[in-house]
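K.L.:
Next up is a structure, given as structure tokens.
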Amino acid sequence: MKGVIFDMDGTMVDNMMTHHRAWQRKLAALGLELSLEEVREKIHGINTEILERLFGSRFTPEERARISNEKEAEYRRIFRGELHLVDGLPEFLEALAAAGIPMAIGTAAPPENVDFVLDELNIRHYFRGVFHAGSVSRGKPDPEIFEKAAGSMGLPARDCLVFEDSPTGAEAALRAGSPAIILTTTHHEAEFREFPNVKKFIPDFSSLTPGHLHTL
């Protein structure tokens with residue numbers, strides 16, 4: 001593999017339960033009561049697409065954008081005191097940089113949340129390209145975001161290893177032609193059986209070195 005693409009939520013930061021709690025509160029305020037398990041199963045992708053999928057035409061595009069912003073502000077308020085990279089990732093990023101392996105980010109998170117993580121943790125300098133919900137016309141599982149992330153490194157997606165945590169992200173990587181390593185922060189290994197591009201499951205980055213990329 002010549003380059004590495006990271007998803008963010010659940011992959012670089014273990015924040016998905018915080019997102020689930022923020023979604024649960026916002027959806028309840030809109031009259032839709034879901035358990036945390038139902039939120040985990042149903043809520044994935046770009047926020048405005050999620051709201052359209054759940055509520056159809058009940059909200060205008062402007063209202064969906066407002067609701068999305070309110071939910072993300074709640075997420076950042078909850079998570080600020082808990083923000084840190086997944087174990088082993090600081091060392092892995094530094095090792096990749098030292099080895100001259102380019103990196104990019106391809107996440108469904110809105111730009112405000114991406115800035116929140118990159119700037120609060122001071123890691124923006126590691127990445128050739130940063131792509132988020134506002135960077136694409138089609139969210140995951142469409143491969144557009146991984147293709148753009150690969151392009152920012154001057155590479156085809158098939159030459160990039162993708163780190164992900166969700167079946168939706170694994171499917172996007174598959175459709176981009178990219179192998180994937182899955183962080184088991186959010187989903188169980190059994191949920192990825194239909195994705196032959198998944199090469200490995202890891203709980204965190206503590207066991208990885210750049211040399212592992214050449215064995216996939």
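The values are calculated or read from the model by the stated rules, or taken from the named source; none is laboratory data. What you see is a predicted model; the values in this text were computed from it and never measured. Neighbour counts are summed over all protein chains in view; Cβ atoms, including those assigned to glycine, are modelled from backbone coordinates with ideal geometry.
K.L.:
Can you pull out the residues in the stretch 99-120 that are without any contact (Cβ under 8 Å) to a residue 60 or more places away in the chain and hydrophobic (A, V, I, L, M, F, W, C)?
P.N.:
Within the stretch 99-120, Phe116, Leu118 meet the criteria.
K.L.:
Residues being within 21 Å of Asn197 (Cβ to Cβ), in contact with a helix residue (DSSP H, G or I) (Cβ under 7 Å, 6 or more places away or on another chain) and not hydrophobic (A, V, I, L, M, F, W, C): count how many of those fall in the stretch 1-26.
P.N.:
Qualifying residue count for the region: 5.
Results for (1) closer than 30 Å to Arg158 by Cα; (2) loosely packed, with under 13 Cβ neighbours inside 10 Å; (3) under 14 Å from the mean Cα position of the chain (by Cα), shown as yes or no for each residue.
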{"position": "Phe79", "(1), (2), (3)": "no, no, no"}
{"position": "Asn113", "(1), (2), (3)": "yes, no, yes"}
{"position": "Asp119", "(1), (2), (3)": "yes, yes, no"}
{"position": "Arg124", "(1), (2), (3)": "yes, no, no"}
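K.L.:
Out of Glu33, Glu74, Glu70, Glu91, I need the residue that is out of contact with any Leu (no Cβ under 7 Å at 6 or more places or on another chain) and free of Cβ contacts under 8 Å to residues at least 40 places away in the same chain. Which one?
P.N.:
Glu33
K.L.:
Output the residues belonging to the stretch 77-95 that are of a type in the set (A, V, I, L, M, F, W, C) and part of a helix (DSSP H, G or I).
P.N.:
Within the stretch 77-95, Ile78, Phe79, Leu89, Phe92, Leu93, Ala95 meet the criteria.
K.L.:
While we're looking at this one, here's another question. Regarding Glu74, is this residue assigned to a helix (DSSP H, G or I), assigned by TED's automatic domain parsing to the domain that holds Asn47, crowded, with 16+ Cβ neighbours inside 10 Å and over 14 Å from the mean Cα position of the chain (by Cα)?
P.N.:
Criteria met by Glu74.
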